[in-house]
Amino acid sequence: TYEVVARTTWPATMAYVSCDPKYFELFMPRFLESLVDAGAEAGVHVHLLDGSQEDWNRLANSLRSFEQVSVSMTAEGGERRNFLGQAARYYYHAARYVRFYQHLRRNLRPAWMMDVDLVAESDPTPMFELLESHDFAGSSRAAVLEPWGKFQAGLVGIAPTIGGLRYLRLVAAYISHWFQKGNLQWGIDQLALFAAYFYLEQRGVAPDTRF
C-alpha cells in the first residue's frame, strides 16, 4: 500500500471509500460535492485498488478542488487485476473490506465504509454519531431469506472498539480465506458481514449494533 495523499487533519469520524481509478473518475467528484452541499464536516479516506503511479497522481490532483473536505488517499498496484482477469471486479468489491479493517486498526478512529456511487442528501453527522455508542451500524433487510442479502455492504459503520474490531477482523478473515482459495464470488462482502455477525451472536459476543 502506497500513501498518495497524506492526511493533515483528523475529523472525529471518517468516510472510507475504496474503488478502482475508473470508478473514482465516474463517481468520486459527485460523492464529494454531495458532502460539501450537505454541509458535512467530514473526512474522507480513499483507497485505490488498482492503477499506476501516473493514475494515482492524476486523481490526487483532481482532489484539490474539494478543499472543504479533508481527503487522504492510499493505493495498491494493479497486479491483482491482471492475475484475476475478468474476475477483477470480484476483488474490488471484496478486498475493500480487508483494507477497511487494516485502515481501522492503523488509525483507530470510527469510520463508515461507503460505496463510491453514494450521494449525501443531508448532513451525515447524526449517522456518524451512531458510532459514539455502538460498535457497528448499518442497514439490513431482515425479510430477505438469502444470507448474502441481509446486510447491505455499501454503508457500514465500525467503531474501533473491542467489539467493532473483532467483528471487522472476522469479516476480513472470511474474505481473505476465499481470496487465497481463488474463489471470490460476487456478494461475498455481504455474506461475510452476515456470517461474522451470526457467528459472534451465537457465542454471545456480537458487536453492539444499530440498524
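The values are calculated or read from the model by the stated rules, or taken from the named source; none is laboratory data. These numbers come from a predicted model, not from an experiment. Quick reminder, even Gly has a Cβ in these numbers, built from the backbone with ideal geometry, and neighbours come from all protein chains shown. Calculation scope for accessible area: heavy atoms of the full protein, side chains included, ligands and nucleic acids excluded. Shrake-Rupley method; radii C 1.70, N 1.55, O 1.52, S 1.80 Å.
Put simply, the amide H of GLY43, placed in the peptide plane, has neighbours under 5 Å in THR13, ALA15, leaving out anything fewer than 5 places away on its chain.
Region 89-211 gives an Rg/Rh value of 0.94, both radii derived from C-alpha positions and Rh following Kirkwood. Working from Cα pairs under 8 Å separated by at least six residues, relative contact order for the chain is 23 percent.
Computed in the context of the full set of protein chains, the accessible area of region 1-71 at 1.4 Å probe radius has 46% of its extent on carbon or sulfur. Computed on region 1-84, with alpha-carbon pairs under 8 angstrom and 6+ residues apart, the relative contact order is 44 percent. Here region 169-204 and region 5-60 have alpha carbon centers that stand 26 Å from each other. Taking the Cα centre of the chain as reference, the dipole from Cβ charges on Lys and Arg (+1) and Asp and Glu (-1) amounts to some 760 debye. Just checking the listed ones, GLN180, GLN152, GLN190: in the Gaussian network model of the chain with Cα springs under 10 Å, the one fluctuating most is GLN180. Note on GLN185 and LEU108: the model spin-label points, each 7 Å out from Cα along the C-beta direction, lie 3.9 nm apart. Per residue, the convex hull spanned by the Cα atoms of region 168-211 measures out at 68 cubic angstrom. For region 39-142, the relative contact order comes to 27 percent (Cα pairs under 8 Å, sequence separation of at least 6). Entry note, the chain: the mean residue ellipticity at 222 nm calculated from DSSP H runs of n ≥ 4, each adding -39500 (n - 2.57), is -13500 deg cm²/dmol after division by the residues and rounding to the nearest 500.
3J(HN,Hα) along region 39-46, derived from phi through the Karplus expression 6.51 cos²θ - 1.76 cosθ + 1.60 where θ = phi - 60°, amounts to x, 6, 9, 10, x, 10, 10, 10 Hz, with x in place of Gly and Pro. Rolling a 1.4 Å probe over the protein heavy atoms gives region 11-54 an accessible area of 40 Å² per residue. Remark: the Cα gyration tensor places the chain in the oblate category, a/c being 1.5 or greater and a/b not exceeding b/c.
Of all segments of the chain bounded by GluC sites (Glu not before Pro) found in a DSSP loop with no more than 12 other C-beta atoms within 10 Å, the longest spans 122-211.
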